[in-house]
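The block underneath contains the structure these notes are about, expressed in structure tokens.
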Amino acid sequence: MGQSMVRHLLAAGHVVRVHTRTRDRATALLDLGATWADDPRTAADGSDIAISIVGYPRDVEEVHLGSKGTLQAARPPRHLIDMTTSSPALAVRIAAIAETRGVAALDAPVSGGDIGARNATLSIMVGGDRDAFDAVRPVLATLGKTIVRQGEAGAGQHTKMVNQILIAGTMMGVSEGLLYARKAGLDPATVVASVGVGAAGSWTVENLVPRILRGDFQPGFFIEHFVKDLGIALDAAAEMGLDLPAVALAKRLYEAAIADGYGRSGTQALFRSLAERAGERVEVQG
């Protein structure tokens with residue numbers, strides 16, 4: 001997703017410095033005009049905006065609060081935008097620390113996956129200061145289509161947790177529905193043609209079910225990252241005194257998919273895990 005985002009920023013005429021753990025992964029972006037930075041601190045130094053999208057909350061903490069993090073820059077950026085799906089509590093902490101350096105930090109996780117990143121149609125959920133949001137909105141508009149400020153620091157991450165909770169339930173239903181169709185001797189593609197246009201329709205049905213039906217379990221979003229997100233949602237819910245049994249079940253099912261070897265597959269591989277555990281043979285593309 002980060003590759004696509006940087007391409008859009010470059011195409012919009014922005015001067016971009018990039019840092020990744022593995023420089024080779026940035027080669028195509030450097031060829032397009034981005035410049036390399038050896039660490040997040042260097043990437044952020046003197047920039048108007050520092051944007052991150054990494055894997056886990058621990059990565060977010062290192063990128064921004066670590067010894068070579070963005071907030072250690074000699075000339076800190078005016079705005080910091082973390083687009084990782086991360087902990088709401090960490091977003092609040094980063095915003096508070098950033099404020100002491102004169103930096104406005106926004107948490108801005110996204111939804112839409114690899115397709116949304118490529119097409120610049122991401123939904124961007126933002127938490128943080130309103131003036132800062134207004135200032136960076138034109139940049140966010142080069143990356144996404146739906147851009148909504150949800151509230152103060154942490155609100156973007158809480159909104160993304162709602163998104164992941166909804167996805168978890170939908171993907172469980174999709175996987176079990178397709179498995180039921182197969183067991184009943186139906187053609188799943190024909191079934192989806194009927195049910196996908198009614199109340200059962202969703203982004204998941206429209207975009208991921210076709211991948212499942214052709215045996216494409218390549219990642220738009222890794223299962224192992226989704227399990228991370230569900231863990232964040234459960235932790236945040238527990239802090240609020242809220243029980244989410246369906247999310248807990250989804251996390252267990254996805255952890256079983258990781259045990260089956262599908263942690264680096266897309267979230268649609270939940271179907272593959274459930275089907276194989278039910279003794280069903282699954283055709284895999286390629």
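Please treat every number below as a calculation from the coordinates, not as lab data. In this text the structure is predicted, and so the values were computed from the model without any measurement. All Cβ positions, glycine included, derive from the backbone under ideal geometry; neighbour counts span all protein chains shown.
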The range 2-152, relative contact order [Cα under 8 Å, separation at least 6], %: 18 percent
In deg cm²/dmol and to the nearest 500, what is the mean residue ellipticity at 222 nm of the chain if only DSSP H runs of at least 4 residues count, each as -39500 (n - 2.57), divided by the residue total? -15500 deg cm²/dmol
Magnitude of the Cβ-charge dipole of the chain, K/R +1 and D/E -1, about the Cα centre, nearest 20 debye? 380 debye
How long are the semi-axes of the ellipsoid equivalent to the range 158-277, from square roots of 5 times the Cα gyration tensor eigenvalues, in whole Å, largest first? 25, 16, 12
Over the range 158-277, calculate the relative contact order: mean separation of alpha carbon pairs under 8 Å at least 6 apart, over the residue count, as a percent. 37 percent
Which net charge results for the neighbourhood of LEU140, defined as the other residues with beta-carbon distances under 12 angstrom from its beta-carbon, given Lys and Arg at +1 and Asp and Glu at -1? +2
Name the lysines eligible as straight-distance cross-link partners of LYS183: C-alpha to C-alpha under 29 Å, and not fewer than 8 places from it in the same chain. LYS251
The chain - percent relative contact order, Cα under 8 Å, separation 6 or more: 13 percent
Dimensionless Rg ratio for the range 1-107, taking C-alpha atoms and the 2.2 N^0.38 Å reference: 1.00
